[in-house]
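S.K.: Dropping a structure here in C-alpha cells format, bear with me for questions.
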Amino acid sequence: MAYLGVDTGGTFTDFILFDESTGRVSIHKVLSTPDAPERAILQGLADLDIDTSDLLLVHGSTVATNAVLEGKGVRTAYITNKGLADVLTIGRQARKELYSLQPEKEPPLIPQQLCLEVDSRLSAEGEALATLDDAGLQQLCRQIDALAPRAVAINLLFSFIDDAEEKRIESALQQHRAESLFISRSSDVLPEYREYERGITTTLNAYVGPLMQGYLKRLEQKIPGSRLAVMQSSGGIASAHQAGQYSVQLLLSGPAGGLKGAQFSAAKSGFERLLSFDMGGTSTDVSIIDREIGLTTEGRIGDYPVAVPMVDMHTIGAGGGSIARVDAGGLLLVGPESAGADPGPACYGKGGKLAAVTDANVVLGRLLPDAFLGGRMVLDKHKSELAVADVAQALGMNVFEAASGIIDVVNDHMVRALRVMSVQRGENPKDYTLVSFGGAGGLHVCALADALQMQHALVPVNAGVLSALGMLTAQPSRERSITIKLLLKECNTADIEVQFKQLHDIAEQELREIAGDCNMQAQHSVDLRYRGQSYTLNLLWDTPEELEYAYHELHESQYGHRMDIDVELVNIRLRLLGEKPAFDLPEWQPSAESRERYASVHGFDEPVRVLSREALRINQCIDGPALVTETTSTTWIDQGWRARLDRWGNILLDAINE
C-alpha cells in the first residue's frame, strides 16, 4: 500500500510518498493554487505518477483556515436564547488597541439580522425554565426560510447539561430544509461552559463547514479508489466525513503536521526537548515540545477564540514571501504581507516587483538560483537585485546592506516568537534543541540559535516537506469533552467513569471511520482550577485525592504559589487514539555523487563551499560557512557552526565554542 502526505501551504503544496512494500520515500513540491487547492494536489499526483487505487492520502488543508482569516465563509444564521443574540458581537470586550481613542470597529462574524432568538432557557442546574413549543419551532423555520442561510449554528445556554432543546431545533430544521442546510450544534461541537467561546467555535464550524465538505467531496471524486484522511489541529487524523462535519478542528491542520514531523524526526536522532520553527513562504509557526506536543484549548484564529484542542503554537507573518518595505518614517518593515505563490517573490519571474525575504537571500548569495527546487525552477537573480534596490534606495544604502537588513528584521521577528514560547513560559532555550523546517527555515537556523544562545540545532531530512511527512506519522484520533463543574472533594469516581464511558462510545464510533477495527488507546484527563478562578490546568485522570495533590504541585510550579482553596473539576476530556501508522524513515543512503562547488556569499572574502545534501555521507562533518542544497530547501551553515549528518539523514548543528 502507498501512503501520501500532502500539505497545502500559502506558496507551495508539498508531497511525501511512502511505499510500504519497498520502504522508499519520494518527495515533491508544486506551486499552490489558492483559488482551487485540489488543482495543485492533482498536479502533484500526476508528477509522481501515483496509482490511486491503493492509496491513503493524508491531507493538511488550509481551506477552513483561509475562509476564516479572509472572512469568506458561507452565509450563517446563529440561534440562541432570548436576550442573548448579541453575545458573539460583544465577546469578552477585549480591545486590541487599548490606548486608541477611536478604535476601528470590526464587523461581527455574524450580522445582527442573522442572529435569531428562541424562547427557551435552562438554569445553571439544568432546570427547564422555558421550553420552546411547536409554534416557536415553526416560527423559527419561517425565519430561516426568509434569511436563506447555507449554515446554522445553534448555541443555547447550558446545553452541555441538557442538549434536548438544541436537538429539537436541529431536528425541526433538518425536516424543514432536508439536505440543504449545514447544522452545527454546540452540544455536539463543544459541550463546555463559557457561552461566548462555545458560540464562536460552533459558529465557525458552521461558517466553514459547507466549504470544507464541498472541497473534500471534489477531491475524493478526483482520486477514485483511494482513502482520504485529513490532519486535525490536535495532531491526529480524521476521516474526510468527520473533517467535513467538524471543520473547526482543522484550523491548524498544516502546522500540526509540521510539529508531528519535527517530533518524529528529532526522536530518531535522540532529541526530545525541542524548540521548533516552521518557516514557509507566508508565515512562521513556532512551538515548544517537551517530550510531548502541547495542546491548548485557548487557541485563536485571527480575532476569534477556538476552544477545541489544537497544538500549542505561536504564528507570525514571517516567511520567504514576506514583503519588505520602508514606511513613512524611514523604518524598514518585513511582513506580514506576503507575495504568496502568485506572483511570489520577484525572483520567481511571475510579475512580482516587491522585495521579499527570498529575494534578500538570493542577493546575499545564500539561495542559489540554479539549485531551487532541485533546479526545476530557476530563480532570476537580476529581478531580486532590482526589487531589493528599491528598498535600498529608500533607506539610502547599497543593495547588500538592504538585503542584510531584511534578513536581520525577519530574524528578529522569529527570535521574538521563539522567546514567547520559551522564555516567557519560564523555559531556557539553552535546554532545548532548535529544530528548523519549512522551505525557508534552513537559511535562518544558525542566526536564530545564535540569538537565543542555543548550542544545538537540527535540520531534519526532508525539512522542506516536513509538514507532509508529519501527516504520515500521525495516528487517527478523536477528542471529546464535557463540562461537569463539581468540587473535587464531592466527585464520585464511579459517576465520572460513567461520563468517560459515554464520551468513549461516541469517539470510538467516529474513529472507526478512519481507523477501522483496531486497538485503540484512551487518554483520560480533567481540567481543574481553584474555586473562583477563571482558567484551568489539565491533568491526567486519577483519584480525587491524588488529583488534588497533583494540582497544588502543578499550580505552584506554573505560577509560583499554591492556595488553601477548594479545587474544582471543570471539564473531563477523552482522547482516543488509533494504531500508529506503518511509516518509518529509511536509513540514510547517498543518492548522488559528491560534487563540491563554490559560490560567492556576501560577507565572506573567499568563496563558500556548496554541497548537495543527497551526496552527503553519514557522519560527514561540515564546518561553516557552507551551503547545503537539496530539492526542497537550502541550509546555510554559518561561521562558528559545525554540521554532521546522522544515520537518518538529519543535519545536526553544533556551535563551535573556541
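S.K.: Okay, which of the stretch 407-439 sit inside 16 Å, backbone N to the point 7 Å along the Cα-Cβ direction of L333?
M.R.: Once the point is set 7 Å along Cα→Cβ of L333, 409-410, 413 turn out to lie under 16 Å by backbone N, inside the stretch 407-439.
S.K.: Check each of the trypsin sites (Lys or Arg not before Pro) in the stretch 603-641 and keep only those in coil by DSSP with at most 14 other C-beta atoms within 10 angstrom; list them in order.
M.R.: R617
S.K.: Label-point separation (nm) for R425 and R647, each offset 7 Å from Cα along Cα-to-Cβ?
M.R.: 3.1
S.K.: Between S557 and D584, what is 0.36 nm times their sequence separation minus the Cα-Cα distance? Round to one decimal in nm.
M.R.: Going from the current span to full extension adds 6.1 nm.
S.K.: May I pose another question? Of all the C-alpha pairs in the stretch 402-527, what % are more than 17 Å from each other?
M.R.: More than 17 Å apart: 72 percent of the Cα pairs in the stretch 402-527.
S.K.: Another question about this same structure. Cα centroids of the stretch 509-572 and the stretch 153-198: how far apart, whole angstrom?
M.R.: Cα centroid of the stretch 509-572 versus Cα centroid of the stretch 153-198: 26 Å apart.
S.K.: Sticking with this structure for a sec: Which order do the peptides 283-289, 585-591 come out in when sorted by mean C-beta neighbours inside 10 angstrom, highest first?
M.R.: Final packing ranking: 283-289, 585-591.
S.K.: Okay, moving on. Run the quick spin-label model on T22 and M397: label points 7 Å from Cα toward the beta carbon, then report their separation in nm to one decimal.
M.R.: 5.0
S.K.: State the volume of the convex hull built on the alpha-carbon positions of the stretch 322-405, expressed per residue in Å³ and rounded to an integer.
M.R.: Here the figure is 80 Å³ per residue.
S.K.: Mind listing which trypsin sites (Lys or Arg not before Pro) in the stretch 94-123 are in a DSSP loop and have 16 or fewer other Cβ atoms within 10 Å?
M.R.: R95, K96, K105
S.K.: I want to verify the translational diffusion coefficient of the stretch 144-230 in µm²/s; compute it with Stokes-Einstein, Rh as the Kirkwood radius over Cα pairs, at 37 °C and 0.692 mPa s.
M.R.: It comes out at roughly 231 µm²/s.
S.K.: Magnitude of the Cβ-charge dipole of the chain, K/R +1 and D/E -1, about the Cα centre, nearest 20 debye?
M.R.: So the magnitude is around 1240 debye.
S.K.: Through the Karplus equation 6.51 cos²θ - 1.76 cosθ + 1.60, θ set to phi - 60°, convert the phi angles of the stretch 646-654 into ³J(HN,Hα) values in whole Hz; use x for Gly and Pro.
M.R.: Per-residue couplings from phi come out as 8, 5, 9, x, 6, 8, 9, 10, 10 Hz.
S.K.: Please work out, to two decimal places, the log10 of the ratio I(q)/I(0) at q = 0.12, 0.14, 0.16 Å⁻¹ from a Debye calculation in which every Cα of the stretch 73-195 carries one identical scatterer.
M.R.: Taken in order of the listed q values, log10 I(q)/I(0) reads -0.47, -0.62, -0.79.
S.K.: To continue, here is another question. Taking amide H atoms as placed 1.01 Å from N in the peptide plane, list the residues 5 or more away in sequence, or in a different chain, whose amide H sits under 5 Å from that of Y78.
M.R.: Close amide H contacts, sequence-distant or interchain: C115, L116, A153.
S.K.: Also, quick follow-up: Mean 1/r over all different Cα pairs, inverted: what Kirkwood radius does the chain give, in Å?
M.R.: The Cα-based Kirkwood calculation yields 26.3 Å.
S.K.: When Lys and Arg each count +1 and Asp and Glu each count -1, what net charge do the other residues less than 9 Å away from R562, Cβ to Cβ, add up to?
M.R.: -3
S.K.: Go through K268/K501; K72/K105; K29/K381 and tell me which ones have a Cα-Cα distance over 26 Å in this structure.
M.R.: K268/K501
S.K.: Calculate one ³J(HN,Hα) per residue across the stretch 315-322 by plugging θ = phi - 60° into the Karplus curve 6.51 cos²θ - 1.76 cosθ + 1.60, and present them in order as whole Hz with x for glycine and proline.
M.R.: 10, 10, x, 9, x, x, x, 4
S.K.: Taking the square root of 5 times each eigenvalue of the Cα gyration tensor, what semi-axes in Å does the equivalent ellipsoid of the stretch 475-577 have, largest first?
M.R.: After scaling each eigenvalue by five and taking roots: 29, 14, 11 Å.
S.K.: Another question about this same structure. Could you please rank R376, R573, R168, placing first whichever residue has the fewest other Cβ atoms within 10 Å of its Cβ?
M.R.: Least crowded to most crowded, the residues run R376, R168, R573.
S.K.: If you take the square roots of the eigenvalues of the alpha-carbon gyration tensor of the stretch 559-642 and sort them as a ≥ b ≥ c, do you get rounded (a/c under 1.5), prolate (a/b over b/c) or oblate?
M.R.: Because a/c hits 1.5 or more and a/b fails to exceed b/c, the stretch 559-642 counts as oblate.
S.K.: Then there is this: What FRET efficiency comes out for the pair A130/S180, r = Cβ-Cβ distance, R0 = 22 Å, nearest 0.05?
M.R.: With R0 = 22 Å, the Cβ-Cβ based efficiency is 0.15.
S.K.: Modelling each spin label as a point 7 Å along the Cα-to-Cβ direction, I'd like the D450/Y598 distance in nm, to one decimal.
M.R.: 2.2
S.K.: Give the separation of the Cα centroids, the stretch 199-266 to the stretch 1-68, in Å.
M.R.: What the calculation gives is 14 Å, centre to centre.
S.K.: Can you pull out the chymotrypsin sites (Phe, Trp or Tyr not before Pro) in the stretch 521-552 whose DSSP state is coil and whose Cβ has at most 10 other Cβ atoms within 10 Å?
M.R.: Of the chymotrypsin sites (Phe, Trp or Tyr not before Pro), the ones in loops of the stretch 521-552 whose Cβ has at most 10 other Cβ atoms within 10 Å are Y535.
S.K.: Just to verify a number: FRET efficiency for I618 and R325, C-beta to C-beta distance, R0 = 41 Å, to 0.05?
M.R.: The pair I618/R325 has a calculated efficiency of 0.40.
S.K.: What full-extension length gain, to one decimal in nm, is calculated for K72 and S53 as 0.36 nm per residue of separation minus the Cα-Cα distance?
M.R.: Full extension of this stretch gives 3.4 nm more.
S.K.: Could you rank the peptides 32-43, 325-336 by their average count of other C-beta atoms within 10 Å per residue, with the highest value first?
M.R.: The most tightly packed comes first, giving 32-43, 325-336.
Here, each number is a calculation from the coordinates, and none is a lab measurement. This structure is a prediction, so every number in the text was calculated from the model and none was measured. For neighbour counting, all protein chains shown are included, and Cβ atoms are generated from backbone atoms with ideal geometry for every residue, glycine included.
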